[in-house]
Amino acid sequence: MSTPTLHGIPADQAPMQLLLDADPNPALIARYLHDSHCAVARLNDAIVGVYVIKAQTADTWELMNIAVAPEHQSQGIGARLLRHAIDQARQLGARRLELGTGSFGHPLTFYQRAGFRVVAVEPDYFLSHYPEALFENGLQHKDRLRLALEL
């Protein structure tokens, strides 16, 4: 299997279908894409992964979205994208990278393995920000966890 290459792209060229795989609210995606930094993972000519980071303050950036095409998951592409996002945020002056994720499931352990720690809980976030219920492994997402990594 070949290794994907990572490329920065203009945010307005971000692959919307992949972004929707990780965040099913197109209105939220449209809001955070503005003034963000985006990179994709390409395998041959196909985009197989993406991430979006955005400055929140001068020294705090947020990972707004990270996604890998389902048929390319569990191959290390997500971990490579996350390392790239961390390095990119650091190069852009961040001293801290934050993100929001569900209170259970694979994404939470994925981020914790990379060194992110829970810093806050946003009760009922998914109930109030998404028109349809979000489920993972038969459980409904209700609360969002805020995680942070000191850079």
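The values are calculated or read from the model by the stated rules, or taken from the named source; none is laboratory data. Since the structure is predicted, the reported quantities are computational estimates derived from the model, not experimental observations. FYI the Cβ positions are ideal-geometry reconstructions off the backbone, even for glycines, and counts take in every protein chain you see. When the accessible area is computed, the model is the full protein with side chains, heavy atoms only, and any ligands, DNA or RNA have been set aside. Shrake-Rupley method; radii C 1.70, N 1.55, O 1.52, S 1.80 Å.
Values as computed for the structure displayed
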{"quantity": "With every protein chain in place, segment 1-135: carbon and sulfur % of accessible area (1.4 Å)", "calculated": "50 percent"}
{"quantity": "Extension gain, residue 137 back to residue 92 (0.36 nm per residue minus Cα-Cα distance, nm)", "calculated": "12.6 nm"}
{"quantity": "Estimated vicinal HN-Hα couplings, Hz - segment 133-147 in sequence order (Karplus 6.51, -1.76, 1.60; Gly, Pro = x)", "calculated": "5, 10, 10, 9, 6, x, 10, 7, 6, 10, 8, 10, 9, 9, 10"}
{"quantity": "Lys/Arg +1, Asp/Glu -1 at C-beta; segment 9-150 dipole; positive extreme among 94, 52, 121", "calculated": "94"}
{"quantity": "Where GluC sites (Glu not before Pro) fall in DSSP loop in segment 85-151, at most 10 other Cβ within 10 Å", "calculated": "132"}
{"quantity": "Pairs of alpha carbons in the chain whose separation is greater than 27 Å (percent)", "calculated": "17 percent"}
{"quantity": "DSSP-assigned coil residues among chymotrypsin sites (Phe, Trp or Tyr not before Pro) in segment 43-131, each with at most 15 further Cβ atoms within 10 Å", "calculated": "104"}
{"quantity": "Dipole magnitude of segment 45-131, debye to nearest 20 (Cβ charges: Lys/Arg +1, Asp/Glu -1, about Cα centre)", "calculated": "340 debye"}
{"quantity": "Calculated diffusion of segment 26-71, Stokes-Einstein form, Kirkwood radius summed over Cα pairs, 20 °C and 1.002 mPa s, µm²/s", "calculated": "185 µm²/s"}
{"quantity": "For the chain: relative contact order, % (alpha-carbon pairs under 8 angstrom, 6 or more apart)", "calculated": "19 percent"}
{"quantity": "Highest-fluctuation residue, 97, 18, 139 considered, GNM on the chain with Cα pairs under 10 Å", "calculated": "139"}
{"quantity": "Helix-only CD estimate at 222 nm, as mean residue ellipticity for the chain, using -39500 (n - 2.57) per DSSP H run (n ≥ 4)", "calculated": "-8000 deg cm²/dmol"}
{"quantity": "D_trans [Stokes-Einstein, Kirkwood Rh over alpha-carbon pairs] for segment 1-78, 37 °C, 0.692 mPa s, µm² s⁻¹", "calculated": "256 µm²/s"}
{"quantity": "Residues of the chain: accessible area per residue with a 1.4 Å probe, Å²", "calculated": "55 Å²"}
{"quantity": "Listed residues 47, 66, 86, most fluctuating in the chain (Gaussian network, C-alpha, under 10 Å)", "calculated": "47"}
